[in-house]
Amino acid sequence: MEKESKWMEGPNEQESEQEWLDVTIRKIRQKMDWVSEKSRNKIPYTTVNGEHDDKSDGGVYNADDGLNWWCNGFWGGMLWLMYHETGEEKYREIARISEEKLDWCFMDYSGLHHDVGFMWMPTAVADYRLTGNPDSFRRGMHAANLLAGRFNANGNFIRAWNDQPDGGNDTRGWAIIDCMINLSLLYWAGEESQDPRFTRIAMAHADTAMKYFVRPDGSVRHIVEFDPWSGQVVRDYGGQGYGQGSSWTRGQSWGIYGFAISYRHTGIREYLDTAKRIAHYFIANIPEDGLIPVDFCQPEKPCWQDDTAAAIAASGLLEIARLVKEEEQEMYRKAAVKLLQALTREHCCFDRSNDCFLQKCSGSYHAPEHEFPIIYGDYYFIEAMLKLKGNDIFMW
Ligand code: GLY
């Protein structure tokens, strides 16, 4: 690592790590027990006046921001994690409510995007892996075919979004770092069907991302635009971060986790090395208090934070710790614990005053709102805590 944060030297917290882990898992189980019942018919994204909202509420009349919303798989994912952790049937039942609601999205082809991985891996594919449900298998394979269909062979990238040239915005050539997680759907489909097309497309996109998104210092870009006909790079954008050339922290987290996933599915060493490079950049920039800003390059004020970046990075770092040699594991594990302990100490709600756990998440630096609960922050927080306990399911 080029630069090490001071906190790497010292102990993580006063109370013993095991004590903290046991108490936190107990609190997660207690909260999920009542909130799962309370929100059983919802697909939550955030909270309004402390209560989960419902992205399935508008149905067909609210397509872009409703059932097709890219975050609609995370609630199901939280429920499957709890099903695995507790063995309680109620989690399976409630998880299937949102999985079935998402079927409508297959009918609205134009509203779907590359985030079909985020939508169907933690719902249908998790269901199939845990229960063998044949309907879930079909959903997963449909979603994988949609994702594969977004591949542009001219530049070897998966197109992120659907804006058309005549709509004022042209995203035909846009790829984004977040897609590294969506690739898991293609790896899964390739493994299930033994059809190498899926795996080849995933690897081609990962190779492109390695070449054009990852900078020499290990930081990553959010958006890269390619000419959709020639495949040549046109330019890059700051996207949801502070600006061009900056380091949007959630994008760094997607990079860490996404390249680790690509290594796990393919065994290609370069992917693991890339995940480690991004991780080293991230670890070197973790502030002393362990709380993560929206962008590592944002101005000192306003100092907005993003708990989602912390939770995703923690889970990605724990994934890397499983993939590297024993003598390397401790650094990644220790950084993950630092991030998770900061979240539980400062930003986590375990009581009934808010239906979400993490309270200071930010969608993007230039959005009007910052530091509010977001469902994927909660998903990755629970996933990472269960990884530390050694009782997660590999979702990606
Ligand atoms: N995948 C979009 C985001 O991270 O906000």
Those residues of segment 374-396 which are open to solvent by less than 10 Å² (accessible area, probe 1.4 Å) and not in a helix (DSSP H, G or I), in sequence order: 374, 395, 396
Residue list for segment 123-159, restricted to those being among the charged types (D, E, K, R) and more than 16 Å from the ligand (Cβ to nearest atom): 127, 129, 135, 138, 139
Residues (of a type outside the set (Phe, Trp, Tyr) and in contact (Cβ under 8 Å) with a residue 60 or more places away in the chain) located in segment 14-31: 17, 21, 24, 25, 27, 28, 30, 31
Of residues in segment 160-196 being among the polar types (S, T, N, Q) and exposed (fewer than 13 other Cβ atoms within 10 Å of the Cβ), the one farthest from the ligand (Cβ to nearest atom): 194
Helices (runs of 4 or more DSSP H) within segment 251-350 that include 3 or more residues under 14 Å from the mean Cα position of the chain (by Cα) and closer than 19 Å to residue 395 by Cα: 307-323
Subset of segment 267-278 [crowded, with 24+ Cβ neighbours inside 10 Å and either in contact with a Pro (Cβ under 9 Å, 6 or more places away or on another chain) or touching a residue at least 60 places away in the same chain (Cβ under 8 Å) (or both)]: 271, 274, 278
Pairs with Cβ under 9 Å, 6+ apart, first in segment 227-253 and under 19 Å from residue 156 (Cβ atoms) and open to solvent by 10 Å² or more (accessible area, probe 1.4 Å), second assigned to a loop (DSSP other than H, G, I, E, B) and within 11 Å of the ligand (Cβ to nearest atom): 236/222
Conditions (1) under 23 Å from the mean Cα position of the chain (by Cα); (2) surrounded by fewer than 22 Cβ atoms within 10 Å (Cβ to Cβ); (3) more than 16 Å from the ligand (Cβ to nearest atom); number of the one not met by residue 99: (2)
Given (1) open to solvent by 10 Å² or more (accessible area, probe 1.4 Å); (2) farther than 27 Å from residue 252 by Cα, number of the condition residue 136 does not satisfy: (1)
Which listed residue, of 315, 362, 353, is among the hydroxyl-bearing types (Ser, Thr, Tyr), over 22 Å from residue 261 (Cβ atoms) and in contact with an Asp or Glu (Cβ under 7 Å, 6 or more places away or on another chain): 362
Residue check for residue 247: closer than 30 Å to residue 169 by Cβ and polar (S, T, N, Q): yes
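The values are calculated or read from the model by the stated rules, or taken from the named source; none is laboratory data. Just so it is clear, the structure is predicted and the values come from calculations on it, not from any experiment. FYI the Cβ positions are ideal-geometry reconstructions off the backbone, even for glycines, and counts take in every protein chain you see. Side chains included, ligands, DNA and RNA excluded: accessible areas come from the protein's heavy atoms. Shrake-Rupley method; radii C 1.70, N 1.55, O 1.52, S 1.80 Å.
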